[in-house]
Amino acid sequence: MLEANEIFLLCGVGTVPVLVYILWLIPQVSIRFLVWIASGLVYRIRLYGEEHVPEEGGALLVANHVSWIDGILILVATARPVRMVAYAGSYFQNPFMRWLAKSWGVILMSGGAKSIREGLDTAREAINQGDLVCIFPEGALTHSGQLQAFRPGMLKILEGTQAPVIPVFLDELWGSIFSFAGGKFFWKRPKRLPYPISIHFDKPLAATDHVHQIRQGIVELGAKAVQQRTDRTANLPGDFLRMCKRAKRRMKIADTTRQQLTGGKLLAAVLALRRFLRRDVLQTAETNVGVLLPPTNGGVIVNMALALDRRVSVNLNYTVTPEVMEGCLKTAGITHVLTSRKFLETLKNKRKTDYTNLDAEIVYLEDSRDKITRLGNKLVAGLQSYLTPASLLERWLGLRSLKSDDLATIIFTSGSTGTPKGVMLTYANVASNVGAINQLVNLTREDVVIGILPFFHSMGYTVTIWTVMALDIKGVYHTDPTESRKIGQLAKKHAATVLIATPTFLRNYLRRCEQEQFAKLDVVVAGAEKLPSDLCDAFEEKFGVRPVEGYGTTELSPLVSVNIPPSRAVDTTNPDLKEGTVGKPIPGVTAKVVDLDTGEELGVDTPGMLLIKGPNVMKGYFGREDLTAEVIQDGWYRTGDVALIDGDGFIRITGRQSRFSKIGGEMVPHVKIEEVLNEAAGMNQEEGLLLAVTAVPDKRKGERLIVLHRPLSLSVDDLRQALSAAGLPNIFVPSAGSFHPVDELPILGTGKVDLKGIKQTALEVFGEQE
């Protein structure tokens with residue numbers, strides 16, 4: 001007579017052949033079940049839009065390709081069996097894997113043309129028979145996290161079918177052990193378990209005639225996916241606490257005052273200042289606080305102190321007149337401005353600008369040094385910085401209550417084309433840029449960012465403050481981006497690796513910095529104006545690193561797109577750099593171009609108005625809902641720039657809408673005329689622009705082209721002939737009386753040409769023409 005435990009053992013053994021038979025009989029369902037259990041232990045999967053997958057009938061799922069297990073995850077995420085289209089590489093040479101692929105109905109294709117054709121035909125037949133088919137049209141795993149170009153062969157599957165095309169976006173997988181993050185597969189420590197990922201399905205695409213339309217659908221779904229997870233990924237102040245504690249004994253920031261701060265000392269200084277401001281200066285309900293400081297350790301500390309106190313820092317532009325700054329203070333409702341007496345004296349002596357009589361309470365921080373560093377503040381700040389766990393400190397400071405759409409800053413536009421507007425950037429806006437930069441440039445603990453862009457510049461605020469503060473990298477700062485020799489010395493001393501600047505500033509460094517000072521640089525990104533190829537050549541020849549171009553605006557936090565520097569590129573099959581363009585949109589951001597008049601979306605390589613959508617789009621203009629509504633419609637920000645997007649997804653800026661003149665019913669681009677004239681005039685990179693083009697009203701033609709130029713060796717007639725020789729139409733050639741000499745072209749403090757100043761000069765000289 002068998003005992004109970006023996007009966008249970010026999011029953012258990014008896015189920016083994018039954019299980020084996022079930023696996024053999026219905027392998028896809030069985031293994032999907034086992035994978036579902038295993039994936040639940042490793043991943044926390046969030047599904048969105050699964051109702052868009054039809055319950056029956058053929059359909060094509062089109063997905064981005066981020067990791068080795070993308071196909072398995074899609075199998076788990078769908079209620080129906082899915083036939084995957086896959087490359088029959090070494091992965092499927094194993095007999096078991098081939099049996100598994102056959103059991104699951106995987107459509108394998110080798111590299112040969114015949115095999116690809118047969119595979120596409122099989123996929124089409126499967127759809128016609130009512131199967132659900134999935135393809136990864138990039139043809140390979142992404143090595144940068146960016147969506148790559150789509151292979152046109154995918155369209156062959158759809159020939160002769162009326163099947164819906166369902167976009168699928170796999171989000172948050174970049175960085176997992178099965179992705180190529182860090183330049184390698186598999187051999188990475190999991191960041192957390194279970195690892196959070198999300199899979200998004202969208203409604204069927206309305207148009208699938210061109211591969212660009214399908215790719216655009218995936219890109220837009222990706223932007224939506226990133227926005228949906230911002231609540232979990234936008235706590236920048238909390239990231240700052242963790243990074244300071246990680247770098248507790250290592251240098252975190254330094255500046256040209258020779259002051260170096262470890263992560264521990266930086267956090268202690270920030271907490272001490274926060275405590276002082278909270279108790280002695282700011283009102284409890286006071287939200288927006290003005291900051292009038294250059295890029296220095298002190299400027300970083302003030303911005304971080306306000307962030308940890310859940311206030312909004314408003315870094316003020318100290319290159320504008322006091323009257324313009326007064327307008328900014330009034331717009332943002334600022335009653336306190338944190339600054340330095342020494343800095344204001346420098347501005348008064350150097351720029352002849354006096355900000356000491358602003359209509360706000362000026363707080364000179366050096367005057368309050370004794371109060372900030374008094375024993376009580378130092379003791380509490382030291383205990384919090386060195387002994388309190390980051391999670392507990394985050395709770396004490398109330399940072400857990402921060403929401404992703406809470407304001408981080410208000411940045412006033414440069415005013416290069418009009419009156420400055422207060423751009424409201426949220427933590428989600430800034431965090432999306434920080435995450436994308438980290439992903440694309442592969443920043444490591446060894447990286448040192450040179451912070452020379454002013455903090456009132458959106459790139460200076462996002463990259464040189466928050467990217468340094470929220471990641472495990474270092475930052476070194478200097479007050480004035482035009483002081484090339486001091487910047488060179490700073491770069492050499494701290495072995496700087498990353499430089500963000502404008503082409504105007506790069507020309508200065510090319511002329512005044514020594515080769516060995518930039519010896520460690522391997523990432524140089526330029527923006528705000530067009531990056532000439534001859535400047536790239538000269539910079540690379542001298543310093544051994546070639547600048548790449550990016551694009552952004554204050555309203556977009558600011559980064560929209562960037563070329564990946566060759567030193568950080570890990571994908572040779574799908575290049576992430578194309579000179580003459582401003583790169584591909586950063587992860588989570590989508591771009592499209594529309595007709596300037598009708599607003600109709602345009603196809604590849606067709607210039608039109610550039611629109612941007614994604615988590616980087618600003619919350620709006622402070623106090624100006626009317627202006628916000630003009631530029632943001634259905635989540636799309638209207639940049640005002642004219643651009644085209646090529647088949648690989650690279651953006652090429654061709655001009656700015658405000659930099660076109662409508663003459664005789666034809667759009668005339670100022671930038672194109674400038675390029676030809678500057679080249680004809682013999683512009684070299686050390687001198688910078690020799691002339692600029694603008695326009696004034698003209699009653700007869702609508703507008704009249706005007707050229708402001710520095711002293712030239714070429715005559716006006718020679719310049720006009722150069723335009724004709726370049727093949728430009730007569731309407732593109734300014735009249736001989738439309739050229740006006742100036743000593744210097746006006747330049748903004750950010751290094752951009754002051755288009756508003758140029759226009760104003762032209763109006764003063766020429767006025768409206770009869």
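The values are calculated or read from the model by the stated rules, or taken from the named source; none is laboratory data. Note that the structure is predicted; figures quoted are calculated from it, not measured. Cβ atoms come from the backbone with ideal geometry, glycine included; neighbour counts cover every protein chain shown.
Please verify whether segment 514-524 includes one or more residues that are polar (S, T, N, Q), in contact with a Lys or Arg (Cβ under 9 Å, 6 or more places away or on another chain) and part of a loop (DSSP other than H, G, I, E, B). Within segment 514-524, none of the residues are polar (S, T, N, Q), in contact with a Lys or Arg (Cβ under 9 Å, 6 or more places away or on another chain) and part of a loop (DSSP other than H, G, I, E, B). Taken as a whole, the structure leaves L728 outside the set of residues that are buried (at least 19 other Cβ atoms within 10 Å of the Cβ), at pLDDT below 85 and either among the aromatic types (F, W, Y) or farther than 25 Å from D537 by Cβ (or both).
What tally of residues in segment 252-275 results from selecting those that are in a helix (DSSP H, G or I) and farther than 19 Å from K342 by Cβ? Walk me through it before giving the result.
The initial filter retains those residues of segment 252-275 that are in a helix (DSSP H, G or I), namely 263-275.
With the extra rule that they be farther than 19 Å from K342 by Cβ, the set shrinks to 263-268, 270-272, 274-275.
So the answer is 11.
Residues V324, V320, V363: which one is of a type in the set (A, V, I, L, M) and under 29 Å from L393 (Cβ atoms)?
Numbers: V324 fails: under 29 Å from L393 (Cβ atoms); V320 fails: under 29 Å from L393 (Cβ atoms).
Residue meeting the stated conditions: V363.
Yes/no per residue for (1) in a helix (DSSP H, G or I); (2) in contact (Cβ under 8 Å) with a residue 12 or more places away in the chain; (3) buried (at least 21 other Cβ atoms within 10 Å of the Cβ):
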site: K371; (1), (2), (3): yes, yes, no
site: L383; (1), (2), (3): yes, no, no
site: T388; (1), (2), (3): no, no, no
site: L392; (1), (2), (3): yes, no, no
site: R395; (1), (2), (3): yes, no, no
site: I410; (1), (2), (3): no, yes, yes
site: M424; (1), (2), (3): no, yes, yes
site: N429; (1), (2), (3): yes, yes, yes
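Evaluating T444 against the criteria (1) outside any loop (DSSP other than H, G, I, E, B); (2) without any contact (Cβ under 8 Å) to a residue 40 or more places away in the chain leaves one unmet condition, (1). With the structure loaded, tell me whether T467 is part of a helix (DSSP H, G or I), assigned by TED's automatic domain parsing to the domain that holds R511 and β-branched (V, I, T) or whether it fails that test. Answer is yes for this residue.
When segment 314-359 is filtered for residues that are aliphatic (A, V, I, L, M), assigned to a helix (DSSP H, G or I) and in contact with a strand residue (DSSP E or B) (Cβ under 8 Å, 6 or more places away or on another chain), the ones remaining, listed by number, are L329, A332, L344.
Residue-wise test of (1) in contact with a strand residue (DSSP E or B) (Cβ under 9 Å, 6 or more places away or on another chain); (2) buried (at least 24 other Cβ atoms within 10 Å of the Cβ).
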| site | (1), (2) |
| --- | --- |
| A285 | no, no |
| V289 | yes, yes |
| L292 | yes, yes |
| T296 | yes, no |
| G299 | yes, yes |
| V312 | yes, no |
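Given the options A528, A538, name the one that is of a type in the set (G, A, S) and part of a loop (DSSP other than H, G, I, E, B). Before the answer, list the steps.
Details: A538 fails: part of a loop (DSSP other than H, G, I, E, B).
Being of a type in the set (G, A, S) and part of a loop (DSSP other than H, G, I, E, B) holds for just one of A528, A538, which is A528.
Checking G217, G222 one by one, the residue that is over 18 Å from the mean Cα position of the chain (by Cα), outside the structural domain of A305 (by TED's automatic domain parsing), buried (at least 20 other Cβ atoms within 10 Å of the Cβ) and outside any loop (DSSP other than H, G, I, E, B) is G217 and no other.
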